[in-house]
Amino acid sequence: MSNLTRTYGPFLTGLVLLLTGVWIIALIILPQVNLIDRAFVYVPRGGEAQQAALELERAQQRIATIDFDIRATEKEIAQAASGGGSAGAGGAPSPSNPFAPGAKIGSSNVVRPGMPTPGLAPPAAPPEQRLKTLETERAELQGQLGGLKERADRLKAEQQAATGYSLRNFTTMSGLHWRIFGMTLVYSFSVTVLCFLVCYPIAYAVAQTRSPERVALLMLGLVIPYAINELLRIFAWVMILANRGILNQLLDTLGILDLAQGEAVHWVASNGAVFCVMIYAYILFMVFPIYNTIETLDRNQIEAARDLGASTWRIHWRVVLPHAKPGIAVGSIMTFMLSAGSISVPGLVGPGLHPDWFSQIIYRNYFEAGNWNIGSAQALLLLVACTLFILAVMSLFRVSVREIAR
Amino acid sequence: MQGNEVALQDVSMRFGDFVAVHPTDLTIRGGEFFSILGPSGCGKTTILRMISGFLRPSTGRIRIGDGDVTDLGPNRRPTALIFQNLALFPLMTVWENVAFGLEARGVPKAERRRRAEELLELVALPGQADKMPAALSGGQRQRVAVARALAVEPAVLLLDEPLSALDLKLRQHMRAELKAIQRKTGITFVYITHDQGEALTMSDRVAVMNQGRIEQVAATEAIYNRPATPFVATFVGEHNVFRGRVVGVANGHARVETPAGRFVGVNADGLAEHDEAMLFVRPERIALAEGHPEIDNQLDAEVERRDLEGPFVNVFLRAGGRPVVMHLTNVGDAAGRLDGRQRIGFAAEDALVLRAGQLASE
């Protein structure tokens with residue numbers, strides 16, 4: 001600390017510390033705390049309490065409608081008694097006649113979509129009989145009202161008691177989502193392993209290349225695609241893998257399938273396509289750490305192993321791979337985290353055609369269902385899974401954080 | 001174990017336009033300690049890498065024992081190489097390092113462990129089997145490297161300046177150890193070094209290389225006492241050089257006219273009169289000649305500096321504008337009082353006349 005002030009002066013040191021503090025608090029601590037907080041707060045949507053409240057409301061509205069109908073029928077009876085045959089021509093609008101002025105206003109004030117439309121009672125029946133039916137129904141509903149209200153209140157109270165910190169965001173997650181969560185981890189792991197299989201030979205070849213120009217060329221070849229926007233890179237692959245894409249057209253040209261006949265391999269409909277694009281998207285994150293560690297390997301060790309009679313396989317297994325372990329660990333961690341959290345690749349490559357990734361579920365909860373709490377819980381789940389993966393990799397490869405940081 | 005003969009027939013190596021090793025014939029006898037001595041970049045490591053199989057010669061054949069190994073890879077040759085930096089496997093324990101060659105040959109673990117312990121015993125490293133190489137001292141790592149190479153029971157052990165990283169005391173100790181191990185095992189040792197001391201103390205025979213060519217192959221005494229070329233003469237040990245022209249030859253001796261005077265030396269190259277010549281005298285063969293008229297070659301020289309080396313005194317003189325070095329044994333106080341103009345001399349038998357050529361220091 002005093003060392004810092006001595007080197008950079010109090011103003012610069014203060015500024016750097018301030019920015020670091022703001023960075024840590026605003027970009028790391030606050031979002032995480034918010035995420036964790038949301039994840040453990042259950043906000044009920046739908047469910048029994050909602051249902052009960054809805055039923056209560058419906059009953060009350062039905063009663064209101066019946067009251068209206070009763071009044072209208074009573075008026076009809078009164079008119080019939082006084083005016084004889086000119087019934088319904090003027091006076092109060094009948095709910096039976098939606099086109100009558102006033103009835104529309106009256107009904108639209110009370111009736112909501114999906115509610116039983118008033119005036120469904122058969123108009124043929126005499127008003128006295130209708131009145132009787134309505135009154136019976138009203139009494140019946142009135143009788144139920146007390147029970148409904150009690151139930152709704154109880155459930156609401158229960159719900160209110162339940163809101164606050166709980167594990168319900170996790171415990172109420174559907175089995176399907178758990179399955180997708182598990183499969184996403186499996187997918188990400190597969191991507192990591194495949195990526196390693198692709199990257200290790202590349203990294204080894206580049207690290208063993210002696211001429212600096214060739215190393216530069218190889219590296220350039222790897223880096224250039226990264227100058228392009230990530231979405232464009234993914235769309236490039238979509239163009240290759242689409243039903244009428246480059247790959248299928250190539251197969252068509254080779255005569256393996258006939259696009260004109262509607263034959264096509266549905267590449268994007270499988271997770272294979274997603275894996276392929278992900279490996280391409282994250283290849284550098286695997287290549288560079290491995291390359292960096294293999295680069296530091298003394299070539300004499302490879303030659304010594306060879307001189308002692310070791311096969312190529314054994315040289316890699318006993319000498320190169322153990323040396324490259326920290327790099328492999330770093331590359332695996334990065335690739336796993338990136339693939340588990342990727343939304344753009346599964347979202348753009350054949351969306352809806354291949355099995356869902358958990359990141360897509362989280363996305364939908366945040367931006368389509370608007371349920372941030374469930375989304376936070378799922379995001380937290382993924383975060384925990386990734387953290388466990390890091391720890392597992394570190395203990396498996398017996399590398400410390402310090403080695404990884406190197 | 002018995003060492004095999006290594007024979008290079010017309011072997012050369014070129015990298016693009018650069019000729020690292022000119023066509024060379026060389027036979028290393030089975031079971032001998034053979035050194036290849038030369039300055040850096042002379043091609044000695046290239047020869048070693050061709051024998052070990054890491055480089056394929058541009059021309060020529062390499063034979064080890066009765067088999068032609070030119071087309072075999074390093075893992076299929078009966079050789080083992082000890083690298084300059086040892087190249088121990090840092091992530092394996094000492095015994096795993098030693099047993100790596102056996103592991104590659106599919107020897108079961110218990111047997112490997114037993115053999116490793118035996119070899120560690122041989123190189124005087126008992127009880128260190130389970131340590132990591134980083135926990136050992138420089139000399140101990142050296143021994144591990146030797147044990148690792150011996151584990152595969154090679155017919156030829158190739159050593160690429162393995163002692164260069166050690167300090168002087170340890171280096172001298174390891175020289176003796178390597179020599180002892182070579183005697184014990186009877187393996188052919190091919191030792192690469194730029195250090196003439198190492199080559200002279202350990203080897204049975206030495207090849208001196210310069211610029212991709214072998215200048216001389218001979219036993220150590222012959223290399224020191226009867227160098228074949230001006231390069232060998234000046235690269236191995238110290239030599240005073242007098243350039244001149246032959247003015248007379250008789251009885252295997254030649255008289256050379258030099259700026260410092262006329263001297264007689266052994267006419268090793270059979271030079272004739274008027275030939276360009278170089279006359280070489282070891283500093284320890286030069287003596288004070290005052291009152292010794294029997295000394296064949298005498299000259300006057302000015303003392304410039306005296307360095308006490310311990311067992312002897314290094315006296316730097318100047319004669320005829322040329323520097324002359326003389327070693328005086330540190331006995332009495334004759335050397336201590338040496339000053340001013342002195343008469344020095346050397347016997348004709350101690351001077352060597354060679355055809356003029358390239359010197360090591362040029």
Tally up the residues in the range B:280-293 that are charged (D, E, K, R), part of a loop (DSSP other than H, G, I, E, B) and modelled with pLDDT of 85 or more, please.
1
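Yes/no per residue for (1) in contact with a strand residue (DSSP E or B) (Cβ under 8 Å, 6 or more places away or on another chain); (2) assigned by TED's automatic domain parsing to the domain that holds B:Leu86; (3) not in a helix (DSSP H, G or I):
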residue	(1), (2), (3)
B:Gly106	no, yes, yes
B:Glu117	no, yes, no
B:Gln128	no, yes, yes
B:Ala149	yes, yes, no
B:Leu159	yes, yes, yes
Residues located in the range A:270-286, provided they are surrounded by fewer than 24 Cβ atoms within 10 Å (Cβ to Cβ) and either within 14 Å of chain B (Cβ to nearest Cβ) or over 23 Å from the mean Cα position of the chain (by Cα) (or both):
A:Ile283, A:Leu284, A:Phe285
Contact list please: Cβ distance under 6 Å, first residue in the range B:95-107 and over 17 Å from B:Ile82 (Cβ atoms) and more than 8 Å from chain A (Cβ to nearest Cβ), second residue at pLDDT below 95 and part of a loop (DSSP other than H, G, I, E, B), pairs at least six apart or on different chains.
B:Trp95/B:Ala129
Considering each of B:Leu299, B:Leu308, B:Leu288, B:Leu271 in turn, give the residue that is touching a residue at least 12 places away in the same chain (Cβ under 8 Å), closer than 27 Å to B:Asp195 by Cα, of a type outside the set (S, T, N, Q) and assigned by TED's automatic domain parsing to the domain that holds B:Gly320.
B:Leu308
With the range B:1-93 as the region, which strands (runs of 3 or more DSSP E) entirely inside it contain at least 1 residues that are surrounded by 23 or more Cβ atoms within 10 Å (Cβ to Cβ) and more than 12 Å from chain A (Cβ to nearest Cβ)?
B:6-15, B:18-28, B:33-37, B:59-64
For A:Ile315, work out the one condition from (1) within 14 Å of another protein chain (Cβ to nearest Cβ); (2) over 25 Å from A:Ser400 (Cα atoms) it doesn't fulfil.
(2)
Criterion (in contact with a Leu (Cβ under 8 Å, 6 or more places away or on another chain), part of a helix (DSSP H, G or I) and more than 14 Å from every other protein chain (Cβ to nearest Cβ)) met by exactly one of A:Leu338, A:Leu391, A:Leu380
A:Leu380
Look at A:Leu297 and say whether it is crowded, with 23+ Cβ neighbours inside 10 Å, among the aliphatic types (A, V, I, L, M) and either within 12 Å of chain B (Cβ to nearest Cβ) or in contact with a Lys or Arg (Cβ under 6 Å, 6 or more places away or on another chain) (or both).
no
Just give me the residues in the range B:279-292 being buried (at least 24 other Cβ atoms within 10 Å of the Cβ) and more than 23 Å from the chain's Cα centre (by Cα), in sequence order.
B:Ile286
Tally the residues that are among the acidic types (Asp, Glu) and surrounded by fewer than 18 Cβ atoms within 10 Å (Cβ to Cβ), restricting the search to the range B:144-176.
2
For the range B:110-120, check the following and say yes or no: at least one residue is at pLDDT 90 or above, within 14 Å of another protein chain (Cβ to nearest Cβ) and at positive phi.
no
Of residues in the range A:344-360 being in a helix (DSSP H, G or I) and without any contact (Cβ under 8 Å) to a residue 40 or more places away in the chain, the one surrounded by the most Cβ atoms within 10 Å (Cβ to Cβ)
A:Gln360
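The values are calculated or read from the model by the stated rules, or taken from the named source; none is laboratory data. Keep in mind that this is a model prediction, so the values were computed, not measured. Neighbour counts run over all protein chains shown; Cβ positions are idealised from the backbone, glycine included.
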